[in-house]
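The structure appears below as C-alpha cells.
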Amino acid sequence: MRKSQRPLNGRFHPASAPDFLPHDQLRALQWQRLAETVRRAYSRVALFRKRMDERGLTPDDIQSLDDVPRLPFTVKTDLRDTYPFGLFASPMKDIVRLHASTGTTGKPIVVAYTPSDLQVWANVMMRSFAACGLHEGDIIQNAYGYGLFTGGLGAHYGVEALGATVIPISGGNTQRQLAVMVDFGTTAICCTPSYFLHIIDQAQESGVKLKDLPLRVGVFGAEPWTDAMRRRIEADSGIKAYDIYGLSEIIGPGVGMECQCQAGPHIFEDWFYPEVVDLATGKPCADGVEGELVLTTLGKQAMPMIRYRTRDITALVTEPCECGRSLRRIKRIARRSDDMMIIRGVNVYPSQIETALLKVEGALPHYQIILTRDKGLDEMEVDVEVTPEVFGDTVGALEEVQQKINASIERVIGLRAKVRLVQPQTIQRSEGKAKRVIDQRKM
Amino acid sequence: MKLKQLSLFLENKPGALSRPIGLLATAKVNIQALSVAESNQFGILRLIVHDWEAVRDLLEKEGFIVKVTDVVAIEVADQPGGLADILDTVDKAHINVEFMYAFTQTHMNRGVLVFRFNNPDEAIRLLRRKGVNVVASVDWLKQSHS
C-alpha cells in the first residue's frame, strides 16, 4: 500500500525529541529563555523599555513564568509605528535575513533574523514536518510563496534541516504543480488549504488521480480552515491534512504544528510561550476557554516579541495528547479578532482597499468587499459606487476607471479582485457607515 | 450650436432604467432624444430634454450621478447616404466621433443625428460651411415633434 502512514506509537523521528521534554524540564527551559528575552528586549528595544518603565517594571521584577501576565502587551500597530527597524534588538551587522508582510496603509511590517534565529526557525519547521510523519526520503513540494512572505523560505529550510527533499516550486501555476507532483513523485505538499482544494479540482479536470499518487501528507496553513475542509481534502485526495500555525511577527510558519493525532497544533513551547487572554480585559483565560492567543518569543535575537497579541481566537488545550508530546496544544483557529481578511493566505485589510481606491479616485467612494470561495480559491469582489468625479459619460471612460481600480488593488495587496461599478446609494449603510466586508465563504 | 445632454450611470440589471424614466414621467418631462449605451456590467442613459438644468437637479436629488455634456444635433434628409456625407466631412478633419445616436422623424421626412465630437466647435463650423443644418436649440426638436 503506497499510502501507509507511519504508525502512531511507532518510532518517532529523532528531530522530535524536544517535543517530549518532561514538563519540569520544559518549564525550566522556558523560564531561562524568558528571562534572557526580557532582559534583551528591555536593554535593546526602546519601545519595550518604555512600556515596562511605564509600569514600573524592570527585568528583575520578572521572577518566574507566573509573572508573564505582568509584562505589557505588544500589538501589530507597534510594528507599523516603528517601521521598518524600530523593534530590532540586533545591529544590522548581525541580521542576515529580512521578511515583510503588507500593512494597512501600504506600510508593511518588517521582521528580522540573526543566524541563530534562522536556526530556531529551521528547527521548529523541521519538527513540524517530523510531527506529521515526514522524514528523509520524502519529496516535499513547497507551494508556499517564496519571497518576502515567510511561508516559502520558512518551509524550505525546515525540509532541508529534516533531510527530506524540497521542491521549491512556490505558489500558483496549478498545471505545473500537478505535472511536478506526478513526475517527481511528490509525497507531501505545503500550501494554503484553499489552494490545495483548487489543486484537487484541477487534478480532477486534468484526469490526474491524486489518490493513485505517492502524495500522502499535506501541511496546510497561513489561513484559518475548518475540520469540514480537512474532511473534504482527505476524502477527495487520499492524503492526511495537517494544520500548521505561525505568523511572521513571531517567526513565520512553525510556531505550532499538529501531530499525527490531528488534534490541534502543538505549540513549540521551548521557543514560544503561549497564553490565551480575554479579548476585552486582557486577563488570562482559564485553560480551555476561548480568547486571543498571545505569544512571547523565547530566545529570538533579532526581534524578540513580548506578549504579542496575535488576534487569533483559540483556547489552550492542556490535556495530554495521545502522541505523548509534552507541548500544549491550541484549538484550531477559525477566526480572527480584528477586521483582517485572509484571502488565499494573504493578509488583506479593508483599509488597503481604501488606499487603492483613493489612489484612483482622489476621494474615497462607498465600497463593499464581498468574499466568496469558488473551487477552493478565495475570490474578492469589490463593489464601488460611481462618483461624479469618475463618471465620464462614455463606456470606455468607465471601463478605464474599472481597470485602474483593478490595477491599483493588485498593486497594493498583490491579489486580483473583481471590481464592479454600482449606482450611488446602492451599498447598504448602517449607522451612516457601510458594512465593508461580506464574507460568504463557507469554511 | 451645441445642445446639453444629460448622462446617467446605471447598473446593467433589471429595473435600472425604469427608475429614472419613471421619475421623468412623474415630473412630466418630455424626452426629446434618448439612447442607452451598455457594457455587460453597467450602462449609460443619455437624454436630451427641454429644461436640462431642472431635470439634472431632479435626478441628482434622487441620487443619480448626472453628467452634462455638449452634443451636436444635425438634421439630415431621411434618405440613403445622409449619415455618410456627415461622417465624410468630420473624418477629413480628423474629428473623432465619441458616440452618436440617431432617430428619424418620418412625418417630417427627416432624420436627426446626435453626435458627441472630441472637437464640437470645429465640427459645427465645418458642417455649417457644408450647408448642414445644425440644430440650434432643443426647442427645434420639441416643436418638430408636435
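Summary of values
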quantity	calculated
Condition check for A:ALA235: hydrophobic (A, V, I, L, M, F, W, C), outside any strand (DSSP E or B) and either outside the structural domain of A:TRP271 (by TED's automatic domain parsing) or more than 23 Å from the chain's Cα centre (by Cα) (or both)	yes
Test: residue in the stretch A:406-418 that is within 13 Å of chain B (Cβ to nearest Cβ) and either closer than 28 Å to B:PHE115 by Cβ or among the small types (Gly, Ala, Ser) (or both)	no
Test: A:MET92 is over 26 Å from A:SER170 (Cβ atoms) and of a type outside the set (Lys, Arg)	yes
Neighbours by Cβ (under 7 Å, 6+ apart or cross-chain): first from the stretch B:129-146, under 22 Å from B:ASP85 (Cα atoms); second in a helix (DSSP H, G or I) and at pLDDT 65 or above	B:LYS130/B:THR89; B:VAL132/B:ILE86; B:VAL134/B:ILE124; B:VAL134/B:LEU127; B:VAL134/B:ARG128; B:VAL135/B:LEU141
Hits in the stretch A:171-222 (condition: modelled with pLDDT of 90 or more and of a type in the set (Asp, Glu))	A:ASP183, A:ASP212
Checklist (1) in contact with an Asp or Glu (Cβ under 8 Å, 6 or more places away or on another chain); (2) closer than 19 Å to A:MET257 by Cα; (3) of a type in the set (Asp, Glu) applied to A:ASP117, failing item	(1)
Residue in the stretch B:109-125 that is surrounded by 18 or more Cβ atoms within 10 Å (Cβ to Cβ) and in contact with a Gly (Cβ under 9 Å, 6 or more places away or on another chain) present	yes
Within the stretch A:375-396, considering residues that are facing chain B (nearest Cβ under 9 Å) and exposed (fewer than 15 other Cβ atoms within 10 Å of the Cβ), the one nearest to A:GLU354 (Cα to Cα)	A:PRO388
1 or more residues assigned by TED's automatic domain parsing to the domain that holds B:PRO120: qualifying helices (runs of 4 or more DSSP H) within the stretch B:10-106	B:82-92
Residue among B:VAL55, B:VAL72, B:VAL114 that alone is away from every other protein chain (no Cβ under 14 Å) and over 26 Å from A:GLU385 (Cα atoms)	B:VAL72
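The values are calculated or read from the model by the stated rules, or taken from the named source; none is laboratory data. Only a predicted model underlies this, so the values are computations on that prediction, with no experimental measurement involved. Positions of Cβ are generated from backbone atoms using ideal geometry, with glycine treated the same way; all protein chains shown enter the neighbour counts.
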